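Visitor: Sharing a structure with you now.
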Amino acid sequence: MTGIFDVDWAEVFAFGVSPLEVVVRGTAMYWFLFVIFRFVVRRDVGSVGVADILILVIVADAAQNGMSGEYTSVADGMVLVGTLIFWNALLDRLSFHFPAFARFTEAPPLLLVKDGRMLRANMRREYITEDELWTQLRQQGVDDLAQVKKAFLEPDGEFSVIRKDG
């Protein structure tokens with residue numbers, strides 16, 4: 001008779017997949033997702049909507065399947081999480097110490113308004129509508145485009161506005 005507290009500790013902590021395979025899979029998926037989120041979905045980082053949460057959950061699930069290689073133990077999961085945390089911490093450290101590397105890991109601010117004129121090509125690049133821009137400008141206390149010296153979409157998805165009056 002087996003009890004409710006009987007645990008096969010060897011199976012819980014034994015590797016089900018080679019740790020090296022988990023590291024390689026985790027590394028490959030980390031860099032794939034990094035490139036996708038760095039160069040494709042920058043705008044959605046700062047503002048999270050329902051669709052953003054949904055895509056994040058779906059991507060996480062799809063990435064987990066690609067990273068796991070059918071692992072089943074806690075040890076496999078620990079190696080995978082450790083690999084992902086390692087790459088994230090390394091990128092943060094390199095970005096802090098090397099400005100050239102930071103330019104690779106973080107998108108530059110995107111100019112949306114210059115001297116009271118909307119830069120529609122830049123707005124199209126990030127799929128920002130005129131209504132969305134006006135919402136952000138109003139939140140910054142701007143009610144006339146002529147008041148704006150520059151307005152940027154920042155790397156974190158937020159908007160920043162420099163007014164002509166300082």
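The values are calculated or read from the model by the stated rules, or taken from the named source; none is laboratory data. Keep in mind that what you see is a predicted model, and the values were worked out from it rather than measured. Please note that ligands, DNA and RNA were not included when accessible areas were found on the heavy atoms of the full protein model with its side chains. Shrake-Rupley method; radii C 1.70, N 1.55, O 1.52, S 1.80 Å.
Visitor: Please list the non-local residues whose amide H lies under 5 Å from the amide H of K149, H modeled 1.01 Å from N, same-chain partners needing a gap of 5 or more.
Guide: Here the answer is I162, R163, K164, since their amide H atoms fall under 5 Å of that of K149.
Visitor: Further question on the same structure: Round to a whole angstrom and tell me the spacing of the C-alpha centers of the range 88-119 and the range 9-38.
Guide: Here the two parts' Cα centres lie 28 Å apart.
Visitor: Enumerate the amide H contacts of F159 below 5 Å, restricted to partners 5 or more residues apart or on another chain; note that Pro and chain-start residues carry no placed amide H.
Guide: Answer set, sorted by chain and number: E154.
Visitor: When the accessible area of the range 72-120 is computed with all protein chains present and a 1.4 Å probe, what percentage of it is carbon and sulfur?
Guide: So the carbon and sulfur contribution to the accessible surface is 67 percent.
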